[in-house]
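Structure first, then comments.
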Amino acid sequence: MKTVTLIYGDGIGKEVIAAAKAVVEATGADIAWEIQEAGAEAAEKYGQPIDDKVIESIAKNGVALKGPTATPIGKGFRSVNVEIRKRLDLYVNLRPLRSFQGVDCLYPDLNLTIVRENTEGLYTGIEQQVTPDHAEATKIITRGASERIVEYAFQYAQKMGKKKVTAIHKANIMKLTDGLFLNCAKEVAAKYNDIQFNDKIIDAACMDLVLNPASYDVLVAPNLYGDILSDLASALVGGLGVAPGANIGKNAAVFEAVHGSAPDIAGKDLANPTSAILSAAMMLKHLGYSQAGEKVEAAVAQAFAHGEKTVDLGGNLGCKAFTEAVIKYI
Ligand code: NAI
C-alpha cells in the first residue's frame, strides 16, 4: 500500500480532487490518503496558507495529489505552490498535453510536453520597492538548475520515444540570465545524439506554437516562460480543463492540474475534472501502478470518444456526471 498526501486546495479544487480520488479508487490501486489543508481557505482558518506539517507529510509520503490553491494578486501571502516547490526542491514541472478524439480543438493530433524549470527564474519572490514609483524583481538563473532541467527534458524524451527538444529563452535581450540557460541547454544537448535539439525565442515560440504546433515535441523553458506556454498550449488541445501536470524532485512529487482555483465556476458543478484525473493517472504511474494509470487515461479517452463532455468542452455534463462516466469506462 502507498500513502499519498491529498490537498483539496481552493475553489474548484474540492470538486476536481474528489473526482480524481474517486477515479483512482475505482482502479483498485492500493492507496491510503493523508488529507492536508493548504491555500487561501486554510489561511482564513489557521492564519497561514501552508503549515510545516503539510510539507512534512509530502516529504514523508514522497507523493501528493494537490488541488489548485489561490494566491492574492499584488498583495498578501506568497504562493503555496512556490513554497511547496522550493522547500521540496521539486525542480521539474512536467506538463504533457494531448488532444482527444471527441474534444473539439484546434489540433486534433497534437501531443507535446512542456518541461518547466520550477525553482528559480522570476519566481524567486525577491522583489523590492525602491521608491513608491520604482519596483524591482530579481531573476535568478543558475548553471546547476538549468543543466538539471534540460537533462530531465532529454531523459524524458528518450524514455517516451520523443524525437526533439526545443529550448525556449529570450537570450537576445537577457544575455546573461537567459544566455546562461541557453548555453547550458546547448551543452547538455550535445550529449544526446539521438534526440534533435533547437532553440526558439519565447515570443516567436508563442506564435509558432499556435500556427505550427506539430513541429514541437518536448519544450524546455525557464520558470515564467514555461508557465505561460503551458496555458497557451493547453488551449490548442481543448483548454485548461484537459491539462494535467506534475512537480517532480529527487525525493518527492506533487501531481496537480495546470489550472487554478477557477473562482468564477467554483461550487457550481461546472469544473472539468479531466486535468486533475489525468494528473492522478500520472501519479499512479509514478507510484508504479502503471496499469491503473493507463486504465484511467483510456477511460477518459473513451468517455470523450462517446461524446461525454463537460460544459467547458461544449458538452452538458457536470463535474460529477463526467466523473461517473469515466468510472463507468474503468
Ligand atoms: P484559472 O486557471 O483558475 O481559471 C482561468 C479560466 O479557466 C477561468 O475562466 C476558469 O473558469 C477556467 N477553468 C480553469 N480550470 C477549469 C476547469 N477545470 N474546468 C473548466 N474551466 C476551468 O486561473 P485564474 O482565474 O487566473 O486563477 C484563479 C486562482 O487560481 C488565482 O488565485 C491563482 O493564483 C490560482 N492558481 C493556482 C494554481 C495552482 O494552484 N496550481 C495555478 C494557476 C492559478
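The table for this structure:
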quantity	calculated
So residue 135, is it over 30 Å from residue 326 (Cβ atoms), touching an Asp or Glu at 6+ places or on another chain (Cβ under 8 Å) and without any contact (Cβ under 8 Å) to a residue 12 or more places away in the chain	yes
Helices (runs of 4 or more DSSP H) within region 1-102 that include 3 or more residues outside the structural domain of residue 223 (by TED's automatic domain parsing) and buried (at least 23 other Cβ atoms within 10 Å of the Cβ)	13-27, 80-87
Qualifying positions in region 273-322 - open to solvent by less than 10 Å² (accessible area, probe 1.4 Å) and within 12 Å of the ligand (Cβ to nearest atom)	273, 274, 275, 276, 277, 279, 310, 319, 322
Residue list for region 251-296, filter: of a type in the set (A, V, I, L, M) and either within 14 Å of residue 24 (Cα to Cα) or free of Cβ contacts under 8 Å to residues at least 40 places away in the same chain (or both)	276, 277, 278, 280, 281, 282, 283, 284, 287, 292, 296
Residue in region 10-31 that is touching a helix residue (DSSP H, G or I) at 6+ places or on another chain (Cβ under 6 Å), more than 11 Å from the ligand (Cβ to nearest atom) and of a type in the set (Ser, Thr, Tyr) present	yes
Conditions (1) on the phi < 0 side of the Ramachandran plot; (2) within 14 Å of the ligand (Cβ to nearest atom); (3) touching a Gly at 6+ places or on another chain (Cβ under 8 Å): number failed by residue 245	(3)
Residue tally, condition more than 17 Å from the chain's Cα centre (by Cα), in a loop (DSSP other than H, G, I, E, B) and not hydrophobic (A, V, I, L, M, F, W, C), over region 103-142	11
Residue in region 222-231 that is touching a helix residue (DSSP H, G or I) at 6+ places or on another chain (Cβ under 7 Å) and near the ligand (Cβ under 10 Å from one of its atoms) present	yes
Conditions (1) out of contact with any Leu (no Cβ under 8 Å at 6 or more places or on another chain); (2) touching a residue at least 12 places away in the same chain (Cβ under 8 Å); (3) β-branched (Val, Ile, Thr); number of the one not met by residue 7	(1)
Any chance residue 258 is of a type in the set (A, V, I, L, M, F, W, C) and either away from the ligand (no atom under 16 Å from the Cβ) or modelled with pLDDT under 95 (or both)	yes
Inter-residue pairs, beta-carbon under 6 Å, first assigned to a loop (DSSP other than H, G, I, E, B) and in region 174-199, second open to solvent by less than 50 Å² (accessible area, probe 1.4 Å), 6+ apart	192/154; 195/154; 195/157; 195/165
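The values are calculated or read from the model by the stated rules, or taken from the named source; none is laboratory data. Bear in mind the structure is a predicted one, so any value in this text is a computation, not a measurement. Using ideal geometry, Cβ is built from the backbone for each residue, glycine included, and neighbour counts are taken over all protein chains shown. Accessible surface is based on the protein model in full, side chains and every heavy atom, while ligands, DNA and RNA are left aside. Shrake-Rupley method; radii C 1.70, N 1.55, O 1.52, S 1.80 Å.
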